1. State the extension gain, in nm to one decimal, for the chain segment bounded by K128 and E170, taking 0.36 nm per residue of separation less the distance between their alpha-carbons.
2. Pull out the extension gain between S138 and I222, defined as 0.36 nm times the separation in residues minus the alpha carbon to alpha carbon distance; nm, one decimal.
3. Starting from 0.36 nm per residue, how many nanometres of slack lie between A186 and V33 once their C-alpha separation is accounted for?
4. Nearest 5 is fine: what % of DSSP beta bridges in the range 67-230 come out antiparallel, could you say?
5. So, in Å, what gap is there between the alpha-carbon centers of the range 62-90 and the range 195-231?
6. Rounded, prolate or oblate for the range 67-230? Axes are the square roots of the Cα gyration tensor eigenvalues, ordered a ≥ b ≥ c, and the cut-off for rounded is a/c under 1.5.
7. Pop a pseudo-label 7 angstrom from the Cα along the beta-carbon direction at both S89 and E69 and give the gap in nm to one decimal.
Amino acid sequence: MKAVGNLLKVSFFLALKNLLSRKRLFAMTVLIVALSFVSVTFTSAMIAGVSETMNNQLINKMYGNIIIEPREGEVYINDVDVLLEKIRSVPGVKGAAPRYYLGGNFFKNKKPYPAAFGFMAIDPVEEKKVTDVYMDVSRGEYLTEKSRGELMLGSHIAGGAEQYIMPEDETLEAEIGDRLKAAFGAGGVREFRVKAVVNPRDIYAVMQAYITIEDAEEILGIENKASVIAV
């Protein structure tokens, strides 16, 4: 046993001597281990923060907390007024906003604009209860129930140095009060007056053009339906 004890003492002494003789290597090893731990912790926290921010952006600027879609195989939600009444009667529901999604092309300098944009038709009053895009109006005024033939443009469509991806000459370079023509597959060509520009700093919302439910139903030739309901 005494021999084993002496052997352990000698081993410990030699190991300690070896470490002390390589102070720089030892310090570097400790530093690398510490930095690795900090890096993993920081990266995890950063990813979690980015994910939470993106989720909040999608909820507050685009989708709300719940999206109700049409039945499988159907294009629209039918009898939307009846469904909206049921949804709004559920305790805890603050708002339920019907929407239509349309595809269309704007004209720029009397020529079809090369990029197709999404048109979102909204009920301006109900939409305020579901998303807060109304708080992101940077120019002009938010849509109202009486906004027939008017639209709001996302900053990436309108331009005006508010976009952070597209060059200015690739936008519509639109100002408040401008009249823009847009072509829809089902509804022909319509003219809209630019009522507002919104800059919600969300990659999806800034690429949208917003019109009213009434204008969309006139373009599509339908009523009392919706592409989705945001809750």
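Derivation of every value follows stated rules applied to the coordinates shown; laboratory data play no part. This one's a predicted model, so the numbers in the text were calculated from it and none came from an experiment. Virtual Cβ from ideal backbone geometry, glycine too; neighbours counted across all protein chains shown.
1. Answer, rounded to one decimal: 12.1 nm.
2. Additional length available on full extension: 27.0 nm.
3. 48.8 nm
4. 75 percent
5. The range 62-90 and the range 195-231 have Cα centres separated by 15 Å.
6. Verdict is prolate for the range 67-230.
7. 2.7 nm
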